[in-house]
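Notes for the one structure printed next.
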Amino acid sequence: MNLMHTSRRSVVAALAAAGLLAVAAACSPVTVEQPSPPPAPVSQPNELNTDSLSLLSQSTTAPVRLVMPDLSIDMSVEPHGLDDVGEMSLPVSPFTAGWYAYGSAPDSVQGSTVIAAHVDSLPEGKGPFSRLRDAVAGMTITVIDELGIEHVYRVTEVERIAKAEVPLNRVFTGVGEPHLVLVTCGGEWNSQASSYRDNYIVTAEKVT
């Protein structure tokens, strides 16, 4: 299934790897803003070379399910990109996760596969990603793609970070060893901003 035009995905992924996308506080755990027009490429070490851009432009397969047995997480995953104002969209329900489809996928040869979900909602209460705060290094995560292939990851790091301090270059990277990044909201509720103050970020290395 062709989810989107490959060239656009590679451009946005390249911008993410170069640190040109932003994560900000909102009701959704991750907000991505695409600059227009894009600024000039940044200097090393974040600058992407021609080989990296070529790899990012290769066809990938979308994830459709995420399973984390230790936390009783079993969720469907749907592709999400940018909305009309250039922000990352997410499923309305906290029981469905969104894959950042302009970035890497489970079968990509490099970069982070980013999957995010709301921590909760008024009509449905707490969603499965609310349990990410209890994740610890060594836990296993399996992502199943639309071809039925299982991609297995092992948690290496669990972080609670203020939304304004999220390391964008690391979360939305298109380079480096292929890995998985899970994101949701957490911390105290900021009633004025109608948002949680922090993000929980779970990083996992690819095993198979």
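The values are calculated or read from the model by the stated rules, or taken from the named source; none is laboratory data. What you see is a predicted model, and the numbers here were worked out from it, not measured in a lab. Cβ coordinates were reconstructed from backbone atoms using ideal geometry, including for glycine residues, and neighbour counts include every protein chain displayed. Side chains are part of the model used for accessible areas, which takes the heavy atoms of the whole protein and leaves out ligands, DNA and RNA. Shrake-Rupley method; radii C 1.70, N 1.55, O 1.52, S 1.80 Å.
Protein heavy-atom surface of the range 99-208, 1.4 angstrom probe: 50% of the accessible area is carbon and sulfur, with nucleic acids and ligands not counted.
ARG170 contributes an accessible area of around 100 Å² to the protein surface, as traced by a 1.4 Å probe with all chains present. Packing-based ranking of 108-118, 171-181 yields 108-118, 171-181, ordered from highest to lowest mean Cβ neighbour count within 10 Å. The rule of thumb for compact globular proteins, 2.2 N^0.38 Å, goes into the C-alpha radius of gyration of the range 116-173 1.36 times.
Just to confirm, what accessible area per residue do you get for the range 88-130 at 1.4 Å probe, in whole Å²?
31 Å²
Roughly what % antiparallel, to the nearest 5, for the DSSP beta bridges in the range 71-175? Bridges in the range 71-175 are about 65 percent antiparallel. For the range 99-188, the relative contact order comes to 42 percent (Cα pairs under 8 Å, sequence separation of at least 6).
Would you mind counting up the charge near PRO94? Only other residues with Cβ under 10 Å from its Cβ, with Lys and Arg at +1 and Asp and Glu at -1.
Values: positive: LYS126; negative: ASP120, GLU124.
With Lys, Arg at +1 and Asp, Glu at -1, the neighbours total -1.
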